[in-house]
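To start, the structure under review is shown below, and the notes come after it.
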Amino acid sequence: MKKKYVYILAFLIIAILGYNSFYFKKLSDIKKAQKESFDFKAFADSIYYKGILKSKKTIALTDLISSIKANQEAAFKKYGNRLGIGNSDYFMIKSTGKIIDIKDGIYTIADEKNGVVFIDTKYIFGNDLRDASGLVKLTDFKTNAQFNKVSESLNKIVRNEIPKQTKNVKIGDSISFSGAIKLNKKQTLFTDLLIIPSQIKLQ
Amino acid sequence: MKIKHLFLVLTAIVLVLGCSSKEKTEKPKIAIVVSTLNNPWFVMLAESAAENARKLGYEAKIFDSQNNPAIESDNFENLISSGYDAILLNPTDSDGSISSILKAKTAGIPVFCMDREVNADDAATSQILSDNYSGCVAIGIEFVKELKEKGKYVEILGLVGDNNTWARSGGFHSVVDNFPNLKMVAQQSGNFDRTKAMEVLETIMQANPDIDAVFCGNDAMAMGAFQALQAAGKEYQVKIFGFDGAADVVEKIREKKIVATGMQFPKVMAQTAAQYADEYFKGRRDFPQRVPVEVELINASNIKDY
């Protein structure tokens, strides 16, 4: 009879130890937790305020165009950023000009040195700003989805900032601006350039 | 006894010589494992990869996974035991394909993913992928402009287990969801399949006859959506958007029956994957884990260039 209790006790001890020695979790839950543990907003904040706005690598648009005309390959290599394979690179540029039209979020600018350029204050989406900044590496993130979340957070900040910066801006005003442009290696004309702004300032 | 020993030594010599002569004469073999051969886009990807591998002097054979991770796993088992030297893989599933890739890795066989990403950055030797997100951001912007920021729309997704499906959907929604007057009335998978997409849209339109647009995760489904709309007599009222740059959709854009698509470059991905395998055989080991390939927006304004 005593033996029976010893066996039951031993079984219970083994069962309790066994039960507590391992546990199951859904792989998707773990992955989700890993992804969500990264603060994309804080990261994008630092990219924008400490990186893009203070960057000394931003090139004057007119200098970029002259460099490309002189030696396209070298200019793309020095000032452009492309993460993989393709004909286009992103560049972070700055310039000045006079606003000659504002329509549906597009500012038409008579650039002081580069003819007419357009600033798109409405469709600030995609990877233009992230990639033009050159501040974020693909290898910093485990998946493309996470990498793209950086752009989404960064774009959201810029979409909030630009209306504040342009609150009092009107047609006829002179402005200085910086932002991202995408240029194709097949491109030979540099007219009608579209800029995704990072900053617009009244002069 | 001495004769027996001599026989064993001779047998060993023959085996060693036989093996070394095989190594010298046999070309390295490259397996191209493709998610499906039931879609012309993937046929082009697989054939282009095989063609590039052969051009580089290797034997190449295509394996069809029929969109089924279990068949893909069997393919891997077979080609590992058959002595393939590299695998150019178009995975069936972003999670489900990882174990097969790891088996190949354990066997010392490099795997180069083409077009579809797996959710691991330490399994494949490199992943050459379309920049689906950026491509669909561009389509999203086009979509908002075409619909003048308002209307009801349907999204037909690709395979739900494929990362490309969500990268495309994510890029599209990163734009469209910022415009509150654009209402998505249905979002359903069409499995990247033309017939399935046609059936899905027909069913959705029974409950939502007044849609303004359809965004499809690939061009095969855009063609299926077009068929469904044509059968309902709505092909000129409902705007269709695809993704891939398939020849029939490019033609439909020219005819103004489909609004836009994102042009992918399967030949570039296939060529890069084969090139990487060649470089691996020659000793290179430092491959970028992910290589995005640019996607170009095609619409009425630039259709003349395609």
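Numbers below:
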{"item": "Set A:I109, A:I102, A:I93, A:I119: member being surrounded by fewer than 23 Cβ atoms within 10 Å (Cβ to Cβ) and either among the charged types (D, E, K, R) or in contact (Cβ under 8 Å) with a residue 60 or more places away in the chain (or both)", "result": "A:I102"}
{"item": "Enumeration of residues in the stretch B:270-306 that are open to solvent by 60 Å² or more (accessible area, probe 1.4 Å) and within 14 Å of chain A (Cβ to nearest Cβ)", "result": "B:Q271, B:Q275, B:D286, B:S301, B:D305, B:Y306"}
{"item": "Tally, over the stretch A:60-86, of residues that are in contact with a strand residue (DSSP E or B) (Cβ under 6 Å, 6 or more places away or on another chain) and either more than 24 Å from A:D111 (Cβ to Cβ) or open to solvent by 50 Å² or more (accessible area, probe 1.4 Å) (or both)", "result": "5"}
{"item": "Test for B:V238: is it away from every other protein chain (no Cβ under 14 Å) and surrounded by 15 or more Cβ atoms within 10 Å (Cβ to Cβ)", "result": "yes"}
{"item": "Top-ranked residue in the stretch A:142-164 [being over 22 Å from B:S126 (Cα atoms) and surrounded by fewer than 17 Cβ atoms within 10 Å (Cβ to Cβ); ranked as farthest from the other protein chains (Cβ to nearest Cβ)]", "result": "A:K164"}
{"item": "Flag for A:T139 being open to solvent by 10 Å² or more (accessible area, probe 1.4 Å), within 14 Å of another protein chain (Cβ to nearest Cβ), closer than 21 Å to A:S55 by Cβ and in contact with a Gly (Cβ under 8 Å, 6 or more places away or on another chain)", "result": "no"}
{"item": "Residue within the stretch A:89-97 that is within 14 Å of chain B (Cβ to nearest Cβ), closer than 27 Å to B:I141 by Cβ and modelled with pLDDT of 85 or more present", "result": "yes"}
{"item": "Unique residue being at pLDDT 95 or above and under 23 Å from B:T165 (Cβ atoms) when the list is A:S151, A:S176", "result": "A:S151"}
{"item": "Tally, over the stretch B:82-101, of residues that are over 13 Å from B:T125 (Cβ atoms) and under 16 Å from the mean Cα position of the chain (by Cα)", "result": "9"}
{"item": "Test: residue in the stretch B:100-113 that is under 24 Å from B:N191 (Cβ atoms), in contact with a Leu (Cβ under 6 Å, 6 or more places away or on another chain) and in contact (Cβ under 8 Å) with a residue 12 or more places away in the chain", "result": "yes"}
{"item": "Hits in the stretch A:144-155 (condition: closer than 20 Å to A:S37 by Cα, free of Cβ contacts under 8 Å to residues at least 40 places away in the same chain and of a type in the set (S, T, N, Q))", "result": "A:N144, A:N148, A:S151"}
{"item": "Residues of the stretch B:181-199 classified as surrounded by 14 or more Cβ atoms within 10 Å (Cβ to Cβ) and among the basic types (K, R), total", "result": "2"}
{"item": "Condition broken by A:V158, with the remaining ones in (1) in contact with an Asp or Glu (Cβ under 9 Å, 6 or more places away or on another chain); (2) in contact (Cβ under 8 Å) with a residue 12 or more places away in the chain; (3) part of a helix (DSSP H, G or I); (4) of a type in the set (A, V, I, L, M, F, W, C) satisfied", "result": "(1)"}
{"item": "All positions within the stretch A:8-58 that are exposed (fewer than 10 other Cβ atoms within 10 Å of the Cβ) and modelled with pLDDT of 75 or more", "result": "A:S37, A:K54, A:K56"}
{"item": "Condition broken by B:K267, with the remaining ones in (1) open to solvent by 70 Å² or more (accessible area, probe 1.4 Å); (2) in a loop (DSSP other than H, G, I, E, B); (3) within 12 Å of chain A (Cβ to nearest Cβ) satisfied", "result": "(2)"}
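The values are calculated or read from the model by the stated rules, or taken from the named source; none is laboratory data. This one's a predicted model, so the numbers in the text were calculated from it and none came from an experiment. Note that we place each Cβ from the backbone using ideal geometry, even for glycine, and neighbour counts take in every protein chain shown. Ligands, DNA and RNA are stripped out before the accessible areas are found, and what is left, the full protein with its side chains, is counted by its heavy atoms. Shrake-Rupley method; radii C 1.70, N 1.55, O 1.52, S 1.80 Å.
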